[in-house]
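Novice: My structure is below; once you've seen it, I'll send some questions.
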Amino acid sequence: MTEAAPRKYPITYRAGSHEVTLRQMTPGDKAGLLEFARALPEHDLLFLRRDISQEPAIDDWISELKSGEIVTILAVEGVRIVGYATIHRSLLRWTAHVAELRVMVAESARGLGLGRVLTQEAFANALAMGIEKMVAQMTLDQKGAIATFEGLGFRPEALLRDQVKDRAGNTHDLLVLSHEVAKFESQRAAYGVSQAFGF
Ligand SMILES: CC(C)(COP(=O)(O)OP(=O)(O)OC[C@H]1O[C@@H](n2cnc3c(N)ncnc32)[C@H](O)[C@@H]1OP(=O)(O)O)[C@@H](O)C(=O)NCCC(=O)NCCS
């Protein structure tokens, strides 16, 4: 598969009165990310590999950023982080064409199109990294997130029963959705989104 050119940042995104800058995460974003994560509803953290409201988890995230295992695009409004998209690539040779996508938007900034824009950015980066397939996982009761991802062309691939347990000890089913990167790019071009965001 042909790899696209690496993305250039920062990019400015406007939604109503909000002006949001998209840029790559750096180690200096640790405090801002902790603040962002600690303001999220606990339920939104359940699909993550780690509890990002805790400092050691952010340290691990930064290490993986440095090693290239992870690429994270942040959405920043003023000095406040309001969202992120992370591409977590597999280090195994036989699954090196697959990456996991994780998108999170601050509760106060939802419904502005940021989730969509961050997902588009993640796909553009994935294409540049030679990734062919993206998977995303979320608990089955995250109806909004499922609707968002299905709207972007993701399709359910697996349902893992009682896969996650919250702090109260309740289990939740985890839904795995997937999307082919090249297909996402062609859909995006077909809908004219490329021109709208200056890609
Ligand atoms: C999923 C999430 C990232 C969406 O972010 P967002 O910025 O609110 O999404 P957008 O405003 O870009 O909306 C994208 C699309 O989904 C739709 N959508 C958003 N929230 C929705 C909801 N609750 N119900 C139905 N559709 C919804 C929007 O209408 C939009 O579709 P459109 O462009 O055709 O109008 C956000 O809700 C979130 O952070 N959730 C918690 C974390 C999570 O579960 N992440 C998913 C796992 S990777």
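Novice: Could you grab me the full set of residues in segment 138-150 that are open to solvent by 10 Å² or more (accessible area, probe 1.4 Å) and more than 7 Å from the ligand (Cβ to nearest atom)?
Specialist: Selection gives LEU140, ASP141, ILE146, GLU150.
Novice: Checking GLU157 against (1) in a strand (DSSP E or B); (2) within 13 Å of the ligand (Cβ to nearest atom); (3) open to solvent by 70 Å² or more (accessible area, probe 1.4 Å), which single condition isn't satisfied?
Specialist: It fails just one condition, (2).
Novice: Among the residues of segment 1-57, which ones are in contact with a strand residue (DSSP E or B) (Cβ under 9 Å, 6 or more places away or on another chain), open to solvent by 70 Å² or more (accessible area, probe 1.4 Å) and part of a loop (DSSP other than H, G, I, E, B)?
Specialist: PRO10, ARG49
Novice: Considering segment 110-137 alone, what residues qualify as being within 13 Å of the ligand (Cβ to nearest atom) and open to solvent by 10 Å² or more (accessible area, probe 1.4 Å)?
Specialist: If the condition is that a residue be within 13 Å of the ligand (Cβ to nearest atom) and open to solvent by 10 Å² or more (accessible area, probe 1.4 Å), then ARG110, GLY111, LEU112, GLY113, GLY115, ARG116, VAL135, GLN137 are the ones that fit.
Novice: I've got another one for you. With respect to ILE87, determine if the residue is closer than 24 Å to LYS30 by Cβ, within 11 Å of the chain's Cα centre (by Cα) and either open to solvent by 20 Å² or more (accessible area, probe 1.4 Å) or not aromatic (Phe, Trp, Tyr) (or both).
Specialist: Numbers: closer than 24 Å to LYS30 by Cβ: yes; within 11 Å of the chain's Cα centre (by Cα): yes; either open to solvent by 20 Å² or more (accessible area, probe 1.4 Å) or not aromatic (Phe, Trp, Tyr) (or both): yes.
Taking the combined requirement at face value, the residue satisfies it.
Novice: Kindly evaluate LEU65 against the criterion of being over 15 Å from ARG7 (Cα atoms), at pLDDT 90 or above, open to solvent by 40 Å² or more (accessible area, probe 1.4 Å) and of a type in the set (A, V, I, L, M). It would help to see each step written out before you state the result.
Specialist: Working: over 15 Å from ARG7 (Cα atoms): yes; at pLDDT 90 or above: yes; open to solvent by 40 Å² or more (accessible area, probe 1.4 Å): no; of a type in the set (A, V, I, L, M): yes.
Answer is no for this residue.
Novice: Going by what's in this entry, would VAL71 be described as assigned to a strand (DSSP E or B) and under 24 Å from ALA182 (Cα atoms)?
Specialist: yes
Novice: Where the second residue is modelled with pLDDT of 95 or more and the first is among the acidic types (Asp, Glu) and lies in segment 145-161, which pairs have Cβ atoms under 9 Å and are six or more apart or on separate chains?
Specialist: GLU150/PRO156; GLU150/LEU177; GLU157/VAL135; GLU157/LEU175; GLU157/VAL176; GLU157/LEU177; GLU157/SER178
Novice: Can ARG161 be described as modelled with pLDDT of 90 or more, farther than 27 Å from LEU74 by Cβ, under 18 Å from the mean Cα position of the chain (by Cα) and not aliphatic (A, V, I, L, M)? Working first, answer last.
Specialist: Details: modelled with pLDDT of 90 or more: yes; farther than 27 Å from LEU74 by Cβ: yes; under 18 Å from the mean Cα position of the chain (by Cα): no; not aliphatic (A, V, I, L, M): yes.
Against the criterion (modelled with pLDDT of 90 or more, farther than 27 Å from LEU74 by Cβ, under 18 Å from the mean Cα position of the chain (by Cα) and not aliphatic (A, V, I, L, M)), ARG161 does not qualify.
Novice: For segment 109-131, enumerate the residues that are under 12 Å from ALA15 (Cα atoms), assigned to a loop (DSSP other than H, G, I, E, B) and of a type in the set (Gly, Ala, Ser).
Specialist: Passing the criteria: GLY111, GLY113.
The values are calculated or read from the model by the stated rules, or taken from the named source; none is laboratory data. Remember, it's a predicted structure, so these values are computed and weren't measured experimentally. No Cβ is skipped: glycine too gets one built from the backbone with ideal geometry, and neighbour counts run over all protein chains shown. Remember, those area values only see protein heavy atoms, side chains included, never the ligands or the DNA or RNA. Shrake-Rupley method; radii C 1.70, N 1.55, O 1.52, S 1.80 Å.
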